[in-house]
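Read the structure below first, then the notes.
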Amino acid sequence: MADFGVATPSVKVAGAKPATATGKALSVVALRKTYGDVVAVDEASMEIAAGEFVTFLGSSGSGKTTTLMMIAGFCEPDSGTITVGGRDVTRLAPQKRNLGFVFQQYLLFPHMTVQENVAFPLTLRGVGKDEIRRRVGETLEIAGLSRFAGRKPRELSGGQQQRVALCRALVYRPPVILMDEPLGALDKKLRDQLQVEIKTIQQELGLTVIYVTHDQEEALVMSDRIAVMRNGLIEQFDTPRELFERPRTPFVADFLGAANFLPGRIEQQDGEHTLVRLDNSGGLIKARRHDLATGTQVKVAVQPGRLRACAADDGFCTGAVETATYVGTLVRAGVRIDDKDAPLLRLEVPAGRGPVAGELVGITADPDDVNLFAAEQDG
Amino acid sequence: MAALTAPARPRKLLASRRTRVGILYALPVVVYLLVLFVYPIFSTLLLSLKDADGSFTLHWYADALSGVNLSVLFTTLRISAETAVLSLVFGFVLAQAITRLKPILAGLAMLVVVVPHFVSALVRTYGWIIMLGDKGLVNETLTALSIPGAPFQLLYNELGVVIGTTSMMLPYTVLLLYGVMRGVDRRLLAAAASMGAGRVTIFRRVYLPLVAPGLASAGLLSFILSLGYYITPALMGGPNQTMIATLINQQVTKENQWNGAAAQGVILLVLTLAGLLLVKVVSSLGASRRRRNGS
Amino acid sequence: MKDTRIDRRLFLRGIGGVTAGVAAATALSACGTGTSRTAGGSGSGGKGSKTVVVRDSGGSYGAALQKAIYTPFTQETGISVKVLNLDNAPLLAQIKQGRPQCDLINDAMVSHTKYVKQDALEALDLDRLGSVKSAKIPENQITEYAIGHSFYGQCIAYRTDAFGGKKPESWADFFDAKAFKGGRAMCSPDGDLPELEFALLADGVPMDKLYPLDVDRAFKVLTRLRPDIKKFWDSGPLPGVLLSRQEVTMSTVWDGRIADLQKQGVPVERQLNGMRRQFSGYAIAKGATNADNAYKLMDFALRAESQAALAKAFPSNPSSPVAYAKLTEDERNALAGAPKYYDKGFDADVDWWLKNEAAVTKRWLEWARG
């Protein structure tokens, strides 16, 4: 109980300097959880620094929520350790871990007002009445909820309820706040708005947040680092930029960048570049240097947004534009470059300069945007 | 003016037509209630105010509220209150246990709670005597353990009656509380735990307030049901546990004295309504107090 | 909207048709049985009906009646018997409204006397009840409105293993908790008339000087035993349960209940000294739909053979002395009504109780609540 957040100074209000990120807030070592024969989480390990916003990204069944629940203490790992602020909490009950948790379903106490809900964790910590009133007031102020203090949760909208839940999770300044798809139940516009709000509050207060979502865009917008999870494994744990531009597995390239995959063989390598002969079109594409031997069968991965249309026969391949869809600032085009059965090559080009259906175009890409994966690498 | 009223007309017509249709639909229910509810109550009320020669009198009430009748009335209230409290406590524990059981086991447990209801009063009495009698299971066990004072008198007194009525009320309280408890979002308790609340705190500050409405209605229900009970008190108690329903029954079936019975029936009804009102007042007081604290 | 309305009307018509059809079928079948059987029926009250509705108190007594009386009656006459178990008050209410559900009432003579006061019974035409004479039913059981068919006795039942071989001989022993240790059970007003007579007998009042009862004296004696009375029973089987579970060593009991206990192996015995007898009888409800059939069933049930048959099926004590002659000696001596026991008991005074029951009941409650 000694290291509960009671002693920490009051919540910093807008304009205050972000808390400096010092040291590890949380570390997870070789965490494993199985349900019968199914491995839900397989040897997950990571270190999270204080003040960091980390997202577990994956589709359902990827193990992201199970990992979060093990950190929260709602589910016990088969093996591995969880350390919060240097304290091993692996086998502790949830209430002894001093973490904050924001649930997808808000889970505000229906019989308490907003004020009482937010005050609840403070009363548990024996904070004095005046202090509670002050800190709850400040926290509600940050979330723009001051005028709703006396209302019951059911009198609030979904977005407001989730803001209250957020206040309740951060009012006692836990060293780490866990959020389980907190915006999952909200509509798109509100979600975008709250993404920004949560991020702002996190930065201003220097909160350490672990966030779970299946929404790539949300993960990219909010996170300092993202752990992409699949089948209980962490595929890659990196900054959004790294994940996007340097995916380490075909899955990550596909999941985050929705990349086009083209089979080919490494024909030639020099100090900076690798040249790949594409299997189907026979064209030659230049990629940045990879540590793969000449002659290796590879998958070439390029995101639709990193491909450019050029004059026919100027690029690494040529094809007819079969579809061209105008989506606001972009045109999404599908180009037939191979035989009929292969998927269309997907392009996203700025509207205005976009190709039109039926046009014959060449395709090029900056070698830096071209990723290569050994063909046997799965995904 | 004409221009103003003209457009309003069809709407009014529509409204009145809709009202008429509504009345038509409501009519069967209204008639049903009038015939089976309002009329009997009013005729009972009239009966209780009529003397043998048909003149107005209050002496049936004076009679019902004096002497042994009054003391029976107090006994009825006391036993009902004791039953309500005990069936709440045991019902809570049982319902709580049942919500944690697997569905099949929960169904089985529910069956065990409900079955005594379908057993004839005599068989039930016999069962209770086997359990609680001087030579019953409980007393034999206590005597075998040489507990001082054993055998205890567990039947034919207030303890016996309250044991009996409580067991009869348990199905109601358990079913009601079980429903309410199933309705409580377990994740709320997890949420409280995630903020650092221990089991006792979660129970006291989250769980209990959430099931409180169920507790109030279960307690009230068993209180009200107990008010009209007389078979179990007669079987398991003595004359000191005579309930008002016994007197009503005696007057009607033995003495053919409907007026006095009607007066006692009306008193029972008033008590029931008073009980309802009390719970309503208490709960709204509680709500307003919480609102005050909140703001 | 129009379509749905038509549909609904069609639907209703369909339902109506079905209902009408069912009703018609029922009516037809009713007619069928009616015509086929009215051949010998005189049927003044019941439009030639071949049924009669009788009120009895049900339970094992009702089952015995069905076996010993109703079924043979139907076999003999073709009149079917319907049974109704109804309390006095609702029955009385029905009769007063002129629509009694039952024709023949089998009830305690006390109740019949109450019905008479409410003008709820038909005056009996003894000429139509030939078996009253043939069964030699005693004079005092023949009234203008009801005829006693049997009685039950209220007596002492005790555990034979409780008093070290001693046998309670009288009510004085019943009230002597020092000589005969253990709890007692007596009946509450819910079960039967308060047992003031027994207290008076215990206090030395001779059996033929009981009425009018000295209520004060009776309660004084009852008070002496009050601490030892563990339970006031309110239903017939309860004394047996209490005795077999050793909750009490002695209880008042309806005599018919003891044989069953003994059959179950419970060591109980009855003491018929000072037994209180209460008669049950038949009467015909005022305005009975099937009055003719009611007469027939009543006549049938009062026959000595019928009374004897019932006594074999259920330990009730026939009012007809002739009936006892039709039993074997063992059967006869098992009954508390056997002629040789007759002097041991007394008849409850119906008139006295009618006048005083309400007051005594109230006083009893005050006394019992202490």
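Counting only other chains, and only Cβ atoms inside 10 Å, what mean value do you get across the residues of A:67-80?
Values: counts 0, 0, 1, 0, 0, 3, 3, 4, 0, 0, 0, 0, 0, 0.
Mean number of neighbouring Cβ atoms from other chains: 1.
Determine the relative contact order of chain C: mean sequence separation of Cα pairs under 8 Å and six or more apart, normalised by residue count, in whole percent. Spell out each step's value before the answer.
Values: 597 pairs, mean separation 95.3, N = 370.
After rounding, I find 26 percent.
Give the Debye-formula value of log10 I(q)/I(0) at each listed q (0.17, 0.18 Å⁻¹), with one equal scatterer per alpha carbon of the stretch B:69-282, two decimals each.
Normalising to I(0) and taking log10 leaves -1.20, -1.26.
Among the aspartates and glutamates, which have Cα under 13 Å from the Cα of C:K82 when same-chain residues fewer than 8 positions away are ignored?
C:D56, C:D103
For chain B, set up a GNM with springs between Cα atoms under 10 Å and report which of B:P148, B:P103, B:P209 has the largest fluctuation.
Between B:P148, B:P103, B:P209, it is B:P148 that shows the largest mean-square fluctuation.
Of A:K64, C:K344, how do they rank once you tally other Cβ atoms within 10 Å and put the fewest first? Working shown, then result.
Details: A:K64 29, C:K344 15.
So the ranking, lowest neighbour count to highest, is C:K344, A:K64.
Only Cα pairs under 8 Å and at least 6 apart count here; give the relative contact order of chain A as a rounded whole percent.
Details: 826 pairs, mean separation 60.0, N = 379.
So the answer I get is 16 percent.
With a 10 Å Cβ neighbour count serving as the proxy for reagent exposure, in which order, fewest first, do A:T55, B:T99 appear?
Going from sparsest to densest Cβ surroundings: B:T99, A:T55.
Per 10 Å bin, what is the whole-percent P(r) computed from every C-alpha pair distance within the stretch A:230-351?
Histogramming the stretch A:230-351 at 10 Å steps yields 12, 38, 36, 13, 0 percent.
Just checking the output field for C:361-367: average partner chain Cβ neighbours within 10 Å of each residue's Cβ?
Values: counts 5, 6, 1, 2, 10, 4, 2.
The per-residue average across the peptide is 4.
Whole-Hz ³J(HN,Hα) for each residue in the stretch A:63-78, computed from phi via Karplus 6.51 cos²θ - 1.76 cosθ + 1.60 with θ = phi - 60°, x for glycine and proline: what do you get?
Computed from phi, the couplings for the stretch A:63-78 are x, 5, 5, 4, 4, 4, 5, 5, 5, 6, x, 7, 8, 8, x, 6 Hz.
For the stretch B:202-295, what are the per-bin percents of Cα-Cα distances with bins 10 Å wide, up to the bin holding the maximum?
Binned Cα distances yield the sequence 14, 32, 25, 17, 10, 2, 0.
Using the alpha-carbon centroid of each, what span in Å lies between the stretch C:207-258 and the stretch B:147-187?
A separation of 32 Å, based on Cα centres.
Using the alpha-carbon atoms, what tilt in degrees (0 to 90, nearest 10) does helix A:114-124 show relative to the longest principal axis of chain A?
Roughly 70 degrees between the two axes.
Could you work out, residue by residue across A:83-96, how many beta carbons of other chains sit within 10 Å of that residue's beta carbon, and then give the average as an integer?
Values: counts 0, 0, 0, 0, 0, 0, 0, 0, 0, 0, 4, 8, 11, 3.
Averaged over the peptide's residues, the number is 2.
Under a GNM of chain A (C-alpha, springs under 10 Å), which listed residue has the highest mean-square fluctuation: A:S223, A:S157, A:S60?
Evaluated over chain A, the most mobile residue of the options is A:S157.
For the ranges A:121-131, A:303-313, B:85-95, what's the packing order if you count other beta-carbon atoms within 10 Å of each residue, average per peptide, and put the highest first? Don't skip to the answer; put the middle values down first.
Values: A:121-131: 15.3, A:303-313: 17.2, B:85-95: 20.4.
Ranking the peptides A:121-131, A:303-313, B:85-95 by packing returns B:85-95, A:303-313, A:121-131.
Most mobile of B:L65, B:L45, B:L137 per a Gaussian network model of chain B (Cα springs, under 10 Å)?
Checking each option, the largest mean-square fluctuation is seen for B:L137.
Sorted by packing (mean other beta-carbon atoms within 10 Å per residue), highest first, where do B:213-221, C:307-315 land? All intermediate terms of the calculation are to be shown ahead of the outcome.
Values: B:213-221: 19.4, C:307-315: 21.6.
Order by mean packing, descending: C:307-315, B:213-221.
Would you work out the charge dipole size for the stretch A:112-191 about its Cα centre, treating the Cβ of every Lys and Arg as +1 and the Cβ of every Asp and Glu as -1, and quote it to the nearest 20 debye? Walk me through the numbers on the way to the answer.
Values: 15 positive and 9 negative charges, 28 e Å.
That gives a dipole near 140 debye.
Work the Kirkwood hydrodynamic radius out for the stretch C:82-227: mean of 1/r over every pair of different alpha-carbon atoms, inverted, in Å.
18.8
Once each part is reduced to its C-alpha centroid, what is the distance from the stretch C:264-281 to the stretch A:203-233 in angstrom?
For the stretch C:264-281 versus the stretch A:203-233, the Cα centre distance is 89 Å.
Treating the beta-carbon of each Lys and Arg as +1 and of each Asp and Glu as -1, no other charges, what is the dipole magnitude of the stretch A:56-112 about its Cα centre, to the nearest 20 debye?
Working: 5 positive and 3 negative charges, 28 e Å.
With Lys and Arg at +1 and Asp and Glu at -1, about 140 debye.
May I ask you to derive the relative contact order of chain B, considering only C-alpha pairs under 8 Å and at least 6 residues apart, and to give it as an integer percent? Please list the in-between numbers first.
Values: 272 pairs, mean separation 79.1, N = 295.
Computed value for chain B: 27 percent relative contact order.
What is the helix-to-structure angle for A:129-142, meaning the angle in degrees between its Cα long axis and the longest Cα principal axis of chain A, kept from 0 to 90 and rounded to the nearest 10?
It works out to around 20 degrees.
Counting pairs of Cα atoms in the protein assembly as shown, how many percent are more than 48 Å apart?
When all Cα pairs of the protein assembly as shown are counted, 56 percent exceed 48 Å.
List the DSSP H helices in chain B whose Cα atoms stretch 30 Å or more along the helix axis and whose mean Kyte-Doolittle hydropathy is at least 0.5. Write out the running numbers ahead of the final one.
Details: long enough: B:2-33 (45 Å, 0.58); B:67-100 (50 Å, 1.26); B:158-183 (35 Å, 1.13); B:258-294 (53 Å, 0.72).
Answer set is B:2-33, B:67-100, B:158-183, B:258-294.
What angle do you read, to the nearest 10 degrees and between 0 and 90, between the alpha-carbon axis of helix A:188-205 and the longest principal axis of chain A?
Once rounded, the angle reads 60 degrees.
Express in whole angstrom the spacing between the alpha-carbon centres of the stretch B:16-85 and the stretch A:321-368.
83
Kindly work out what percent of the DSSP beta bridges joining two residues of the protein assembly as shown are antiparallel, to the nearest 5.
Bridges in the protein assembly as shown are about 75 percent antiparallel.
Counting Lys and Arg as +1 and Asp and Glu as -1, each charge on the Cβ, what is the dipole of the protein assembly as shown about the Cα centre in debye, to the nearest 20?
2340
No lab work stands behind these numbers, since they all come straight from the coordinates. Since the model is a prediction, treat every value here as computed from it, not as a measurement. Don't worry about glycine lacking a Cβ; one is built from the backbone with ideal geometry, like all the others, and counts go over all protein chains shown.
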